[in-house]
Amino acid sequence: MEKIIIKGLKIKAFHGVNPQEKIDGQNFILDITAELDVKKAQLSDNVDHTVSYSDIIKTTTAVFTEKSYNLIETAANKVGMEIMRTYPKLRSVTVLLKKPEAPIKADFEYVAVEDTITREQMMAETVE
């Protein structure tokens, strides 16, 4: 299984529990790993046989900035679910959402959540 990896995607958004986070916003960093079979793309050298990382970035940015969420857990899940819905060639996607400017009185690099969504999960949810 091959992977498309996007590391360090920086997006300003307005997620957080504190009211000031929703007013001022802050920078978030996303690492996205999408698993898929790219054998056909490797043989054909045709972008139509894979999923464009540029398209994944556009989808991520649109979903991540369209609404303000209290929890980064929710924001990460919304991004992952939309990526899986939009790109049926993907077998799974993992979204690592980092919040380096979290309003916590501590010395840290970032706080984060990671959410992995598989095609099997998506199919099970549509059956229920």
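The values are calculated or read from the model by the stated rules, or taken from the named source; none is laboratory data. Quick caveat: nothing in here was measured; it's all calculated off a predicted structure. Note that each Cβ is placed from the backbone with ideal geometry, even for glycine, and that neighbours are counted across all protein chains shown.
What number of residues within region 12-38 satisfy the criterion of being surrounded by fewer than 13 Cβ atoms within 10 Å (Cβ to Cβ) and touching a residue at least 12 places away in the same chain (Cβ under 8 Å)?
Qualifying residue count, region 12-38: 5.
Surrounded by fewer than 14 Cβ atoms within 10 Å (Cβ to Cβ), acidic (Asp, Glu), part of a loop (DSSP other than H, G, I, E, B) and more than 16 Å from the chain's Cα centre (by Cα): does that describe Asp107?
Yes; evaluated as a whole, the condition is true for this residue.
Could you please find all residues in region 81-115 being touching a helix residue (DSSP H, G or I) at 6+ places or on another chain (Cβ under 9 Å) and small (Gly, Ala, Ser)?
Once the filter is applied, which keeps residues that are touching a helix residue (DSSP H, G or I) at 6+ places or on another chain (Cβ under 9 Å) and small (Gly, Ala, Ser), region 81-115 yields Ser92, Ala102, Ala112.
Which numbered condition trips up Tyr87, out of (1) surrounded by fewer than 18 Cβ atoms within 10 Å (Cβ to Cβ); (2) closer than 21 Å to Glu125 by Cα?
All conditions are met except number (1).
Of the numbered conditions (1) among the hydroxyl-bearing types (Ser, Thr, Tyr); (2) in contact with a Pro (Cβ under 6 Å, 6 or more places away or on another chain); (3) free of Cβ contacts under 8 Å to residues at least 24 places away in the same chain, Ser44 fails exactly one; give the number of that condition.
Condition (2) is where Ser44 drops out.
Out of the residues in region 61-85 that are assigned to a loop (DSSP other than H, G, I, E, B) and touching a residue at least 40 places away in the same chain (Cβ under 8 Å), state the one that is nearest to Val113 (Cα to Cα).
Filtering region 61-85 for residues that are assigned to a loop (DSSP other than H, G, I, E, B) and touching a residue at least 40 places away in the same chain (Cβ under 8 Å), the one nearest to Val113 (Cα to Cα) comes out as Leu71.
Residue-wise test of (1) more than 29 Å from Met123 (Cα to Cα); (2) in a helix (DSSP H, G or I); (3) at pLDDT below 95.
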position	(1), (2), (3)
Phe28	yes, no, no
Gln42	no, yes, yes
Ile56	no, yes, no
Thr59	no, yes, no
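Under 8 Å between Cβ atoms, which residue pairs at least 6 apart in sequence (or on different chains) link something in region 97-119 that is in contact (Cβ under 8 Å) with a residue 40 or more places away in the chain with a partner that is buried (at least 17 other Cβ atoms within 10 Å of the Cβ) and among the charged types (D, E, K, R)?
Cβ pairs passing all conditions: Leu97/Asp115; Pro103/Glu21; Tyr110/Lys98; Tyr110/Lys99; Ala112/Lys98; Ala112/Lys99.
Out of Thr118, Thr65, which single residue is hydroxyl-bearing (Ser, Thr, Tyr), surrounded by 13 or more Cβ atoms within 10 Å (Cβ to Cβ) and touching a helix residue (DSSP H, G or I) at 6+ places or on another chain (Cβ under 9 Å)?
Exactly one residue qualifies, and that residue is Thr118.
Going through Lys10, Lys67 one at a time, which residue ends up being within 14 Å of the chain's Cα centre (by Cα), modelled with pLDDT of 95 or more and among the charged types (D, E, K, R)?
Lys10
When region 45-60 is examined, which residues are found to be of a type in the set (S, T, N, Q), surrounded by 12 or more Cβ atoms within 10 Å (Cβ to Cβ) and more than 12 Å from the chain's Cα centre (by Cα)?
Thr50, Ser52
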